[in-house]
Each structure stands twice: as C-alpha cells, then as structure tokens.
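Encoded as structure tokens, the structure appears first; notes follow it.
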Amino acid sequence: MLRLERLLDELKRFYGRLQTPPADPFTLFVWEVLSVHSTPRKRDAALGALKRAPTLTPDAMCRVAQKKLEEADALAGPYVEQRLRALRTGVDAFRRSPDLPAMIRGPLPAARRALKGLPQMGDGSAYRMLLFAAGHEVLPVDARVSRVARRLGYGEAQSGFAKTARAVRAAVSAELPASSDAYRRAFTYLNHHGAATCTDADPHCHICPLLKDCPEGRRRSS
C-alpha cells in the first residue's frame, strides 16, 4: 500500500464518510457560487432551499421569482447581490451552451476552455468541476489541500500559489491510482482535514490521526 493511500484510510477512519461536492455540473456551479464568503453550513442551507424551490436547472432558475432566489441566496450570508450576479451570468452561460455538461466531460483541454466563461471558476473551482462533475483525473489544490499535503511532505512552497499548487498536484498524483474516485477521495479528505484539524495558524496536532507520519506535526509537537 502506498503511503498516501494509508494516510487517506486513516483520515476516513477518523472522520467517517464525508459529503462530496455535487456531481451535476449546474448544481456544482451553484454550490461554488454559494460557497463564496460563506460557510459549509450556510452554503448547504442555501442550496437546500434552491433544491426545494426547485430551481437547480438553468431554465428553472431563469424562471424562478426573484424574491425566492434572493431569500435562498441570503441563507448563505452577506454579499447576496454579488452571488446573484454570478448566478445570473452562469444561468445565461448554461442556457446559451446546453452542450456545456457534455463538453466538460470531453477532452481535458477543451473542457478547461469551456469553463472559462463561468464566474467563480478559478483554478480550484474549475478543477473541482472537472473532477466531480466530469470525471477527469485531476486534483483540485486549494489552500487547505496545499497546506496538508506540504506538511505531510508532498510538494514544497514555490514563488506563487499557482506554482505551489502544481508541485503539490504532481506529488500527490504520483501516489494516486488512475481513477477519478481515488482523486475525489483524496481531495475530499485532505480538504476536510485542512479545515477541521490541520488548520493554518493553530493546527490541532495533538489529536491528528496522521501525527506519526507528519514531519511538520512532529516538529510542532517536540
């Protein structure tokens, strides 16, 4: 068993089964927009309200009453108008390109180009879309994944975050099977660990299930 696979097994035993981002492309886009300036709990409350409406297709969200959309969006917290503008832009993009879901499941270069017209599609969001909604074997590297991976010895900090993300992605991917499920599992548990235990300023190394395998954790605990 490769080291990374063993570490992910430890995290799964520690946290149990974790929720993953939505698999439907439009729902995942909405999930990304609602995540901005929000928390997972508030984001999920807003997404749940949109599901109950129901408005989680481009055509349905285009037709829904503005008041209902605003009320659901407000559950995600402040910056309501910014999220509403992003949702409207995304709805227009999905409606203009009904083949967008098929395009992002196609060859990776074309899939990445197809996502460029969507708001909130920075590298992290785009990689999540390519992995969870399109099944590409790519690893989204956000600040949490980068922090956890580097503390465990996968990649080193570079001159900018984009370069650091590429180094982390290469190091982690080298120990992942060629399977989108393996990449989804790696992102889900590394990201959650970075939010819950391996935090930025004050990591909880004393309860971390990976302490014996973590050079940074051992240094902090000595």
TODO: Identify, from the list SER173, SER159, the residue that is surrounded by fewer than 20 Cβ atoms within 10 Å (Cβ to Cβ) and under 15 Å from TYR127 (Cα atoms).
DONE: SER173
- [ ] Starting from the range 28-46, take each residue that is open to solvent by less than 50 Å² (accessible area, probe 1.4 Å) and list its partners that are part of a helix (DSSP H, G or I) and basic (Lys, Arg), counting only C-beta distances under 6 angstrom and pairs at least six apart or across chains.
- [x] VAL33/ARG83; LEU34/ARG43; SER35/ARG43
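Look through GLY117, GLY153 and report the one residue that is at positive phi and surrounded by fewer than 17 Cβ atoms within 10 Å (Cβ to Cβ). Step through it out loud before you land on a result.
Details: GLY117 fails: at positive phi.
Sole residue among the options that is at positive phi and surrounded by fewer than 17 Cβ atoms within 10 Å (Cβ to Cβ): GLY153.
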Open item on the list: Within the range 81-100, does at least one residue satisfy the condition of being modelled with pLDDT of 95 or more, aromatic (Phe, Trp, Tyr) and open to solvent by 20 Å² or more (accessible area, probe 1.4 Å)?
Closed with: no
Task: Filter result (under 25 Å from GLU156 (Cα atoms) and open to solvent by 20 Å² or more (accessible area, probe 1.4 Å)) within the range 127-142 - done: TYR127, ARG128, HIS136, GLU137, ASP142
Task: Selection count where residues are in contact with a Lys or Arg (Cβ under 8 Å, 6 or more places away or on another chain) and buried (at least 18 other Cβ atoms within 10 Å of the Cβ), scope the range 47-76 - done: 5
Open item on the list: Can you list residue pairs whose Cβ atoms sit under 9 Å apart, with the first residue in the range 3-21 being closer than 16 Å to SER180 by Cα and the second being of a type in the set (D, E, K, R) and in a loop (DSSP other than H, G, I, E, B)? Count only pairs 6 or more apart in sequence or on different chains.
Closed with: LEU4/GLU175; GLU5/GLU175
Open item on the list: Can you tell me how many residues within the range 157-189 are within 20 Å of GLU216 (Cβ to Cβ), assigned to a helix (DSSP H, G or I), of a type in the set (A, V, I, L, M) and free of Cβ contacts under 8 Å to residues at least 60 places away in the same chain?
Closed with: 5
- [ ] Could you please give the count of residues in the range 7-27 that are polar (S, T, N, Q) and open to solvent by less than 30 Å² (accessible area, probe 1.4 Å)?
- [x] 1
Open item on the list: Tell me the residue from ALA178, ALA170 that is over 14 Å from ARG144 (Cβ atoms) and touching a Gly at 6+ places or on another chain (Cβ under 8 Å), please.
Closed with: ALA170
TODO: Being in contact (Cβ under 8 Å) with a residue 40 or more places away in the chain and under 16 Å from ALA49 (Cα atoms) is the filter here, so list the residues in the range 61-110 that pass it.
DONE: ALA76, GLY77, ARG83, LEU87
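Could you please find all residues in the range 101-110 being surrounded by fewer than 21 Cβ atoms within 10 Å (Cβ to Cβ) and not charged (D, E, K, R)? Can you show your working first?
Within the range 101-110, the subset surrounded by fewer than 21 Cβ atoms within 10 Å (Cβ to Cβ) is 101-103, 105-110.
The answer is PRO101, ALA102, MET103, GLY106, PRO107, LEU108, PRO109, ALA110.
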Open item on the list: When the residues of the range 197-219 are narrowed to those that are among the aliphatic types (A, V, I, L, M) and at pLDDT 95 or above, which ends up most open to solvent (accessible area, probe 1.4 Å)?
Closed with: ILE207
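The values are calculated or read from the model by the stated rules, or taken from the named source; none is laboratory data. Owing to the predicted nature of the structure, the values given are computational and were not obtained by experimental measurement. In this analysis, Cβ positions are derived from the backbone assuming ideal geometry, glycine residues included, and neighbour counts consider all displayed protein chains. Ligands, DNA and RNA are stripped out before the accessible areas are found, and what is left, the full protein with its side chains, is counted by its heavy atoms. Shrake-Rupley method; radii C 1.70, N 1.55, O 1.52, S 1.80 Å.
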